[in-house]
Structure formats: structure tokens, C-alpha cells
Amino acid sequence: MSRSVEEEYSMNIRIRNTEDAVATIAALATKAIAKGNHEGHDLEVVGERMTCAQILDRIRTAYERHTARGATPKEAVITVGQTLVATYCESAGIPTTR
């Protein structure tokens, strides 16, 4: 039985601080991209790219910018995550769908 997108990604995540948010965003983006089954972009490869210091710093900066502007942690995680996935896919030539 196939699960809907909402069921697939429905989970309780506790964001206590920025580092929790950064790890969550990187992990969820990695999972979403790898799930597309695009050659050369499996879980291991994408995970390695998402956890490099430069990407983690960009995630941290974006998350902090969004929360400083009044976004809730949940809103910031979603917004930064969507942007991260879209940017990765664009730079890798992976077609995106909504």
C-alpha cells in the first residue's frame, strides 16, 4: 500500500536550537532528493554533499535569517528545506516537480 506525501513526511521533530534545525533540514533534503532515484544522486552521495561544511553553513545562515524575520522554527525548516532541494536539483540538472 502506497503512502501519500503527507504520510511519508509526517513526523514529529523537536527543534530546540539552530543546530537541530540545520541537521533536520540537511537530513530531510537529502532524503527527498535521493528518493527521486536519479543516477548519481543516491542517499550516500547526496548525504555527503549536504553535510559538507559549506552547505551546513548556508543552511544555518538561511535558517537564522528566516527566524530573525519572524518565521517559526517549523516555517523556517520548511522554507529553507524547499529552497535547498530546489537549488540542489537545479545545479545537478535534476528536473523538479511540485
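Numerical summary
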{"quantity": "Span-like helix ranges in the chain, DSSP H, alpha carbon extent 18 angstrom or more, Kyte mean at least -0.5", "calculated": "18-34, 73-92"}
{"quantity": "Calculated Rg and Dmax of the chain using C-alpha coordinates, Å", "calculated": "13.4, 42"}
{"quantity": "Relative contact order (percent, whole number), the range 11-55, Cα cutoff 8 Å, 6+ residue spacing", "calculated": "29 percent"}
{"quantity": "Extension gain, S91 back to A68 (0.36 nm per residue minus Cα-Cα distance, nm)", "calculated": "5.5 nm"}
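Just so you know, all these numbers are worked out from the coordinates, no wet-lab data involved. No experiment lies behind these values; they were computed from the predicted model shown.
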